[in-house]
1. Normalising by the residue count of the stretch 1-79, find the relative contact order in percent from Cα pairs under 8 Å and 6+ residues apart.
2. Rounded, prolate or oblate for the stretch 218-327? Axes are the square roots of the Cα gyration tensor eigenvalues, ordered a ≥ b ≥ c, and the cut-off for rounded is a/c under 1.5.
3. State the extension gain, in nm to one decimal, for the chain segment bounded by Arg3 and Trp341, taking 0.36 nm per residue of separation less the distance between their alpha-carbons.
4. Leaving out ligands and nucleic acids, note down the accessible area per residue over the chain with a 1.4 angstrom probe, in whole Å².
5. If you look at just the Cα atoms of the chain, how large are its Rg and its Dmax in Å?
6. From largest to smallest, what semi-axes in whole angstrom does the stretch 192-232 give when each is the square root of 5 times an eigenvalue of its alpha carbon gyration tensor?
7. For the chain, what relative contact order do you get, as a whole percent, if you take Cα pairs closer than 8 Å and at least 6 residues apart?
8. Accessible area of Asp163, 1.4 Å probe, to the nearest 10 Å²?
Amino acid sequence: MVRLLGSPTLAASGDGRLELFVLDVEGTLWHKWQTARSNGWSGWSRSGQAEQWPASIAASGDGRLELFVVGGGGLSHTYQTSWSNGWSAWINHGSPPFNGGFSFSAPGIAAEANGRLVALVANGALWRLQQTAWSNGWSEWLPHGSPSGRFVSGPVGAIRSADGRIEAFVIDVDGRMWNIRQTSPGSQFSTWNDFGSPGRGLDDRPAVARSADGRLELFAVGRDGALYHRWETAVGTFSWSAWTSVGNPATGILVDHPAIAASADGRLELFVTGSDGNVWHQWQTLAGNGWSDWVPTRPDPGAQGSAPDVQASGDGRLELFVVGADGDLWHSFQTRASNGWSPWLSHSHPS
């Protein structure tokens, strides 16, 4: 029996079909995809090996997906060879220069205003790969250093802001959040911006998404198992709220990083796994404003202690996946755009 491990990774192909990647306990990367837009799923296909979960994926400017994993002694990369169809052989980009003995995770990826992808990893310092041409070719490792006297490590969160600049967020070894940002679309990056730390510090991958009004919303799970939130107060002003505690459910603490996606009506929906085996859900009550209370949803065996992932199908309905405590892949989806969720369904595991 093949047991799956960790967080699934989802993205939409250019034709709107979702593609999913997830690792098993032996480090094999497995792939499933929708066989039609917003409907039906393939069987399991073996896609390669990785040393840690999750994978990272993003669309190039021409719509082809680009997938990264940590494996082969560095950062490895494959890409769709044509729009929505076929994958290249794996390419290894090596590792960024040694920095303090820290490992690194699969990158945070965001597209510049001109469509070229930027991928960022942290191994004590922050490093960047970027496409050298639209949808084609990658640079060598480019350094961003680290905040004075601190090591940044762990997964990086990255996004393009509403005014076209890439923003990247990473947590240092003391649990403090740091940011670099392009000073204008497609330009150079800033020096380090200190986003501070609430309570006992933050952990794992920052989650960041754009509200319907363009403001960025930033979330991270704290070392106390609660969820914390900051948001842009206005687009493009570099002005942010203070940290606000969203708390944690009464039946357990939160583990791993949150997953966020926008419903068809523009409201953000957030999911994060709890130590109680539930996937906990919050959503904006209005597009760009206000959040619901926590609501639990649970696959039959309970969720494994790793993050879910959520993405919109071609018809706008959100699709939610998590690895269960039984090592199988579990799936729930909106029954219509922006409203209602199906029961959990099992996609079992590769045989």
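The values are calculated or read from the model by the stated rules, or taken from the named source; none is laboratory data. This one's a predicted model, so the numbers in the text were calculated from it and none came from an experiment. Glycine also receives a Cβ, built like all others from the backbone with ideal geometry; neighbour counts cover every protein chain displayed. Calculation scope for accessible area: heavy atoms of the full protein, side chains included, ligands and nucleic acids excluded. Shrake-Rupley method; radii C 1.70, N 1.55, O 1.52, S 1.80 Å.
1. Answer for the stretch 1-79 is 24 percent.
2. It comes out oblate by the Cα gyration axes.
3. That pair, Arg3 and Trp341, stretches by 119.1 nm at full extension.
4. Counting only protein heavy atoms, the per-residue value for the chain is 37 Å².
5. 18.8, 53
6. Over the Cα atoms of the stretch 192-232, the ellipsoid semi-axes are 20, 12, 8 Å.
7. Dividing the mean separation by the residue count of the chain yields 12 percent.
8. 60
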